[in-house]
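One structure is given here, and the rest of the page talks about it.
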Amino acid sequence: MGRRLLISIAFGLMTAVAAACTGPGDPGDNTTDSLPSQAESSTADESEPTPDEAAEAAVEAYWKAVDEAAAIPDPDYDALQEVATGQALQAAQDIAQSMVDQDQKQNGLAVISDTTVLERTPEEDPTTILIELCMDTSTAVIVDAGTEVPVEGEEYGRRGSRAEVLKSADGWVVDVVNVQELGSC
């Protein structure tokens, strides 16, 4: 499993543990009503992330690696192979290659929010998880690689995205991504 993915998972676990230490009404209590997740019904060892948590961390690591590859730009950026496979890997490499071909790069990272697990297959002990999220690209500006001047005609804002995440021998990897139109979330 890649070091960045492990760090992301560890950070997520620390956040979850910190949140579990506060009760309703305690300072820092950010609880909201939501559908029960596998995390709430899991009886597995608490040091291990749930499949939902691991898949969500994989999606966040994927989009971070895509942003980093576009910033360099480098379609062969090592982190992409650590977090993606299949169509998702090809899409990430295509984004970075497009930057190279057009002498552009990306400054900044997209902000990921509203991550939701839509489906687990199979429901018990899943090997595939479908995740929906919203990403705000207004902080990830495409610029000319030489001048750092923003490229005209680029559209920024909030877009919905779905990711199919697969359990592999090394952890969870994004296999398929679908980015929706601007304003879709």
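Every number here is computed from the coordinates shown, using simple stated rules; none is lab data. Please read all numbers here as calculations on a predicted model, not as lab measurements. Here the Cβ positions follow ideal geometry from the backbone for every residue, glycine too, while neighbour counts run over all protein chains shown.
Need one number: nm distance between label points at Ala145 and Glu123, each 7 Å from Cα along Cα→Cβ, rounded to one decimal.
5.0 nm
By what distance, in whole Å, do the Cα atoms of region 60-102 stretch along each of the three principal axes, largest value first?
Extents along the principal axes, in whole Å: 25, 17, 14.
Can you sort Trp63, Trp172 from fewest to most other Cβ atoms within 10 Å of each residue's own Cβ?
Trp63, Trp172
Measuring from the lowest to the highest alpha carbon on each principal axis, how far does region 105-185 reach, largest first, in angstroms?
Here the Cα extents, ordered largest to smallest, are 51, 28, 15 Å.
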